[in-house]
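Peer 1: Before we start, here is the structure in question, set down as structure tokens.
The values are calculated or read from the model by the stated rules, or taken from the named source; none is laboratory data. None of the values given here were measured: they were computed from a predicted structure. Backbone-built Cβ (ideal geometry, glycine too); neighbour counts: all protein chains shown. The accessibility values were calculated without ligands, DNA or RNA, using every heavy atom of the protein model including side chains. Shrake-Rupley method; radii C 1.70, N 1.55, O 1.52, S 1.80 Å.
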Amino acid sequence: MNYISTRGGVTPIAFQDAVMMGLADDGGLLVPESIPDVRARFETWRQLAYADLAMEIIGLYVDDIPKTELNALIQRTYLSPQVFDPAPAPLARVGDIFVLELWHGPTLSFKDIALQFLGNLFEYILSRRGGRLNILGATSGDTGSAAICGVRGRKGIDIFMMHPAGRVSAIQQRQMTTVLDDNVHNIAVDGTFDDCQGIMKTLAADLDFKRRYGIGAVNSVNWARVLAQIVYYFHAAFEAQRLTGAANVRFAVPTGNFGDVLAGWYAMQMGAPIDTLILATNENDILARFFNSGTYSRGSVAHTISPAMDIQVASNFERYLFHKIGRDSAKLRELMQQFAATGSLSIPTAPGGRVDESILASAGTTDQCLATIAKYYKQHHYVLDPHTAVAVSVAERLGAMAAVSQPSCPTICLSTAHGSKFPDAIRQATAADPTHHPSIDALANLPERCAKLPNDPAAVREFIAKTVKLQTNC
């Protein structure tokens, strides 16, 4: 399996090269040359444990790592109780819905599922190729801590993680800035997440800088991130089928950068038994507006209680758009240039205005999010974090809570973080303090380290160059 760029400027490359390149050198995103249809394998796959299913799915997209070595990487990632406790992605029945709990990793976020694998993958590749990797990332909340946890202390890897100053939760910030390993470098940027992401893409597009300093990516621009997330859609769908006898399921997904929804979309293209993807945004509703109108139009970033979704420019949208327009790189370049120049692009829609009949999309407000947290706590004694609550709220309003009304197609809501990471929102919704976690409580008195930089690619470039020089001269 080779990988090509959405913008057509990269010669097809193998999986390991795609992992190390991160963002494509032509400014696009790397995608597989083909998407396998796996429906003939379901009878066997339904019986598999999570790690074994991950090997089957990831192995379809990796042909430059020996199967025994790839399997060892996957088993080390998903079978260690020190990493995922009790399992990477358990499914919980909560009232009329299923909740896919993706927060059982070390940083209590769904990002751990992909980034623990990616950390092992980076280490494997560097051990064979030599050299150093300097990861440059941007986070709206959970990616930062999960990426740092995935690579902290690893030989030959440094990580530079940007977050928007004052725009992540206090706990999300401390999960990053209290990690004092020598190879971890946190940067608070005076701007929004979109500004951080823009800096990351600007520096990745500077090919001389990228190659001189060995710049790599852990954000979901890295294909390996999306690939690892495909697995839990299959695993959860098979489990829900086993529990209900359903032929198909629906997934409700909170999203900001479109990576998690995109993984579900790829799973559907592979033949997963998924009827519909319910895309849920908060007030930063650029994606919801696009799927309901065909127009992708940037607005101002709203600061909400679901900060990981406070995004206007979704990196993974380009991958979906590439497939939607028939994998036409020239057309894709034209559309992205139009968006860069005007802040807007449009594509034709089906009758009724929807872009994709398999994707329902809507936005949830802060009030609706808080009301949903309160409802599920009162009725089921279950704590939804504010991102998950957005997805549940949107799914309810779209009439998609089908476990009772349409038991043949149950709804699975992706739960992306543990509620203890957002105590202010939980207390506001419930008038109580119902959720704690030992790893979160332990952060309170730890020292922090973080550089504060202006919203300027040149400042971040200089910081990286100086830090790498100090690191390599030690």
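Peer 1: Can you list residue pairs whose Cβ atoms sit under 9 Å apart, with the first residue in segment 180-208 being within 20 Å of Ser145 (Cβ to Cβ) and outside any loop (DSSP other than H, G, I, E, B) and the second being aromatic (Phe, Trp, Tyr) and open to solvent by 10 Å² or more (accessible area, probe 1.4 Å)? Count only pairs 6 or more apart in sequence or on different chains.
Peer 2: Correct list of pairs: His185/Phe463; Ile187/Phe463.
Peer 1: For segment 19-102, please list each of the strands (runs of 3 or more DSSP E) lying entirely inside it that holds at least 1 residues being touching a Lys or Arg at 6+ places or on another chain (Cβ under 6 Å).
Peer 2: Strands (runs of 3 or more DSSP E) meeting the threshold: 30-32.
Peer 1: Same structure again: Sort out which residues of segment 236-257 are basic (Lys, Arg) and part of a strand (DSSP E or B), and write them in order of number. Talk me through it step by step, then tell me what you get.
Peer 2: Filtering segment 236-257 down to residues basic (Lys, Arg) leaves 242, 250.
The one that is basic (Lys, Arg) and part of a strand (DSSP E or B): Arg250.
Peer 1: Would a scan of segment 431-440 turn up a residue that is modelled with pLDDT of 95 or more and open to solvent by 20 Å² or more (accessible area, probe 1.4 Å)?
Peer 2: So far as segment 431-440 goes, no, none of its residues is modelled with pLDDT of 95 or more and open to solvent by 20 Å² or more (accessible area, probe 1.4 Å).
Peer 1: Under 6 Å between Cβ atoms, at least 6 apart or on separate chains: pull out the pairs that start in segment 432-443 with a residue that is assigned to a loop (DSSP other than H, G, I, E, B) and end on any residue that is small (Gly, Ala, Ser).
Peer 2: Thr435/Gly419; Thr435/Ser420; His436/Ser420; His437/Ser420
Peer 1: Same structure, new question: Of all residues in segment 368-412, count the ones that are of a type in the set (A, V, I, L, M, F, W, C), in contact with a Ser or Thr (Cβ under 9 Å, 6 or more places away or on another chain) and modelled with pLDDT under 95.
Peer 2: Here the count works out to 7.
Peer 1: Then there's this: In segment 108-142, which residue that is open to solvent by less than 10 Å² (accessible area, probe 1.4 Å) and among the hydroxyl-bearing types (Ser, Thr, Tyr) is farthest from His380 (Cα to Cα)?
Peer 2: Thr139
Peer 1: Still on this structure, I have one more. What pairs come out if I take residues in segment 147-172 that are touching a residue at least 40 places away in the same chain (Cβ under 8 Å) and pair them with residues that are open to solvent by 20 Å² or more (accessible area, probe 1.4 Å) and of a type in the set (D, E, K, R) whose C-beta lies under 7 Å away, six or more apart or interchain?
Peer 2: Pairs found: Ala165/Asp190; Ala165/Lys452.
Peer 1: A follow-up question, please. Quick check on this structure: which one of Phe122, Phe160 is closer than 27 Å to Phe209 by Cβ, part of a strand (DSSP E or B) and touching a helix residue (DSSP H, G or I) at 6+ places or on another chain (Cβ under 8 Å)?
Peer 2: After applying the criteria, what remains is Phe160.
Peer 1: Any idea which residue in segment 447-474 is farthest from Met176 (Cα to Cα), counting only those that are part of a loop (DSSP other than H, G, I, E, B) and out of contact with any helix residue (DSSP H, G or I) (no Cβ under 7 Å at 6 or more places or on another chain)?
Peer 2: For segment 447-474, the residue satisfying everything is Cys474.
Peer 1: What about Leu48, is it over 27 Å from Phe322 (Cβ atoms) and surrounded by 16 or more Cβ atoms within 10 Å (Cβ to Cβ)?
Peer 2: The answer is yes for Leu48.
Peer 1: Let me ask another. With the structure loaded, tell me whether Asn282 is open to solvent by less than 10 Å² (accessible area, probe 1.4 Å) and touching a Gly at 6+ places or on another chain (Cβ under 9 Å) or whether it fails that test.
Peer 2: So Asn282 passes the test.
Peer 1: Restricting to segment 432-454, what's the tally of residues that are within 16 Å of Asn186 (Cβ to Cβ) and either hydrophobic (A, V, I, L, M, F, W, C) or out of contact with any His (no Cβ under 9 Å at 6 or more places or on another chain) (or both)? Steps first, answer last, please.
Peer 2: Residues of segment 432-454 that are within 16 Å of Asn186 (Cβ to Cβ), as a first pass: 443, 446-454.
In the following step, the residues that additionally are either hydrophobic (A, V, I, L, M, F, W, C) or out of contact with any His (no Cβ under 9 Å at 6 or more places or on another chain) (or both) were identified as 443, 446-448, 450-454.
The total comes to 9.
Peer 1: Still on this structure: Inside segment 266-374, counting only strands (runs of 3 or more DSSP E) that do not spill past its ends, which hold 1 or more residues that are in contact with a helix residue (DSSP H, G or I) (Cβ under 6 Å, 6 or more places away or on another chain) and among the small types (Gly, Ala, Ser)?
Peer 2: Result: 274-281, 359-363.
Peer 1: Which of the numbered conditions does Tyr233 fail, given that it passes all the others? Conditions: (1) in a helix (DSSP H, G or I); (2) in contact (Cβ under 8 Å) with a residue 60 or more places away in the chain; (3) buried (at least 24 other Cβ atoms within 10 Å of the Cβ).
Peer 2: Tallying (1) in a helix (DSSP H, G or I); (2) in contact (Cβ under 8 Å) with a residue 60 or more places away in the chain; (3) buried (at least 24 other Cβ atoms within 10 Å of the Cβ), Tyr233 fails exactly one: (2).
Peer 1: For residues that are of a type outside the set (Lys, Arg) and open to solvent by 10 Å² or more (accessible area, probe 1.4 Å), scanning just segment 90-104, find the one that is nearest to the chain's Cα centre (by Cα).
Peer 2: It comes out as Trp103.
Peer 1: So, one more: Name the single residue, out of those in segment 376-394 being within 17 Å of Ala432 (Cα to Cα) and in contact with a strand residue (DSSP E or B) (Cβ under 6 Å, 6 or more places away or on another chain), that is least open to solvent (accessible area, probe 1.4 Å).
Peer 2: The extreme case among them is Asp385.
Peer 1: Name the single residue that is farthest from the chain's Cα centre (by Cα) among those in segment 328-346 being in contact (Cβ under 8 Å) with a residue 40 or more places away in the chain and open to solvent by 20 Å² or more (accessible area, probe 1.4 Å).
Peer 2: Here the answer is Ala330.
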